[in-house]
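Report on the structure given below.
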């Protein structure tokens, strides 16, 4: 997620706030991996469920919806509110 996040950053998340396009979210990908991605747009899964197209801020690294497809809305766990360590900053 460079340049937005770096390994070891500590994040403040909200489990109740609604997700909007452009937000950083914590999501469970199809292979079970939990990671932080950017919610690019709402889409529908192959089964017709509502979901999100999630992308990495660093497309050369990591796995996102380009590799795994649409992430069901139920697997978008939380919304990232701020980085609290090493330097606090709203995201």
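The values are calculated or read from the model by the stated rules, or taken from the named source; none is laboratory data. Everything numeric here is computed off the predicted structure, so don't read it as measured data. Glycine gets a Cβ as well: all are built from the backbone with ideal geometry, and neighbour counts include every protein chain shown.
A few comments on the model shown:
- For the range 63-91, filtering for residues that are in a loop (DSSP other than H, G, I, E, B), touching a residue at least 12 places away in the same chain (Cβ under 8 Å) and closer than 14 Å to residue 4 by Cα leaves 2.
Conditions (1) surrounded by 11 or more Cβ atoms within 10 Å (Cβ to Cβ); (2) at pLDDT below 95; (3) in contact with a helix residue (DSSP H, G or I) (Cβ under 7 Å, 6 or more places away or on another chain), marked per residue:
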site	(1), (2), (3)
16	no, no, no
19	yes, no, no
26	yes, no, no
30	yes, yes, yes
38	yes, no, no
41	yes, no, no
45	yes, no, no
50	yes, no, yes
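- Test: residue in the range 1-8 that is modelled with pLDDT of 95 or more, closer than 19 Å to residue 89 by Cβ and under 13 Å from the mean Cα position of the chain (by Cα): no
- Within the range 19-42, considering residues that are in a loop (DSSP other than H, G, I, E, B) and in contact (Cβ under 8 Å) with a residue 24 or more places away in the chain, the one nearest to residue 58 (Cα to Cα): 23
- Residue tally, condition outside any strand (DSSP E or B) and either crowded, with 16+ Cβ neighbours inside 10 Å or in contact (Cβ under 8 Å) with a residue 40 or more places away in the chain (or both), over the range 52-62: 5
- Residue within the range 70-83 that is at pLDDT below 95 and buried (at least 18 other Cβ atoms within 10 Å of the Cβ) present: yes
- When the range 43-91 is filtered for residues that are out of contact with any strand residue (DSSP E or B) (no Cβ under 7 Å at 6 or more places or on another chain) and within 15 Å of residue 19 (Cβ to Cβ), only 74 remains.
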